[in-house]
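Everything below concerns the one structure shown next.
All of the numbers you see were taken from the coordinates with simple rules; none came from a lab. This is a predicted model, so every value here is computed, not measured. In this analysis, Cβ positions are derived from the backbone assuming ideal geometry, glycine residues included, and neighbour counts consider all displayed protein chains.
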Amino acid sequence: MYMTYGVSWLRINDKSFLKFTVASLLLLSFIHICVSMTIIDVNSTTFDFLHIITILILIIVFLSIMSKGIVPIAISCLGLVLLYGSTVIPSIVFNSQGTFYYKTSIGNLNFEAINHGSHGFFLLGIAMVVFGIIIGYKPSILYTRNRPISAENIWDKYPKWNEKLELANTNTESLIGLPYLMTDTEKYLLWRYEFILVFIYDTVYQVPTYSYVPISSKILRESESGKIIGLSKYGYFI
C-alpha cells in the first residue's frame, strides 16, 4: 500500500522531479569541471563535501526516473555509475600518477590522461541518463517520421457500441441482429472478427459481431472490393 502510494506521488510530481533533475545535472557538470581542473586530496574536507553532494545529486536523478519502468531505470543506473566514477575516481587516481606496470606492459599515468578518461565517462554517463529520461518522460521524441500508426490508435477514434446502453437512447426503430445485414459468405467468416464498423445514426461504431443494431444501420465496406471493415481476432486486418 505504501509503495503504491509512493509511486503515485512520484508520478504526480513528474514535472518537479524533471526540473530538479536538469538542475542536478548542471550542478554535477560544474562539480566535474572543478574536479578536473584541480587536484583534490582524498583526505580533505573538500573531497568529502563534493563526494556527499555528488551522491545526493545522483539520488535525486534516480528518484526522477524510478517510477518510469525497468528500461529507463536500467539505462539511467548505468549512466549514474559513470557519472559517479567520472567525478570521484579522478581525485583518487591522482595519487597514482607516474609509471605503472601491467603484466608485460609499461604505461605512464598523468594528469591529462586522467582528465581525458574522466571526461569520456562523464559525457557517456550524461548521454545515458538523458536517454533514460527521454524514454521515461517523452518516448515519442525517439519515434521516426512517418512511423506506422498502431492498430489501437486506428480503432480508438470509433466509439464502442453497447446495445444495453445505446438502445435505451434510440428511436422506436426495429432492431436486427448484425449478421442479418451481411451476405451468406460474410456470415460464414464472421467468427474471424472481433468487431465490425457499423454506421448507426450518423456515427460509426465498433459493433461486436452478434450485437443487435437499428434496422437502418449500414456496415462500412471497402470502396473497391466491398468487403466489410473490422478487426480480426487473430492480430491482422481483414
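For this structure, a couple of remarks:
- For Trp191, Trp161, the sequence from fewest to most other C-beta atoms within 10 Å is Trp191, Trp161.
- Gain upon complete extension [Thr185, Phe30; 0.36 nm per residue less C-alpha separation]: 48.6 nm
- Remark: spin-label model distance Ile176-Ser225 equals 2.4 nm, labels positioned 7 Å along the Cα→Cβ axis.
- Once both labels are positioned 7 Å from their Cα atoms along Cα-to-Cβ, the gap between Ile39 and Tyr234 label points is 7.4 nm.
- The order of the peptides 122-135, 201-214 by mean Cβ neighbours within 10 Å, most packed first, is 122-135, 201-214.
- Between amide H atoms placed 1.01 Å from N, distances below 5 Å from Met182 occur with no residue 5 or more places distant or on a separate chain.
- FRET efficiency, 1/(1 + (r/R0)^6) with R0 30 Å, evaluated for Leu18 and Trp155 via beta carbons: 0.40
- Counting neighbouring Cβ atoms within 10 Å and putting the fewest first, the residues His116, His32, His51 line up as His116, His51, His32.
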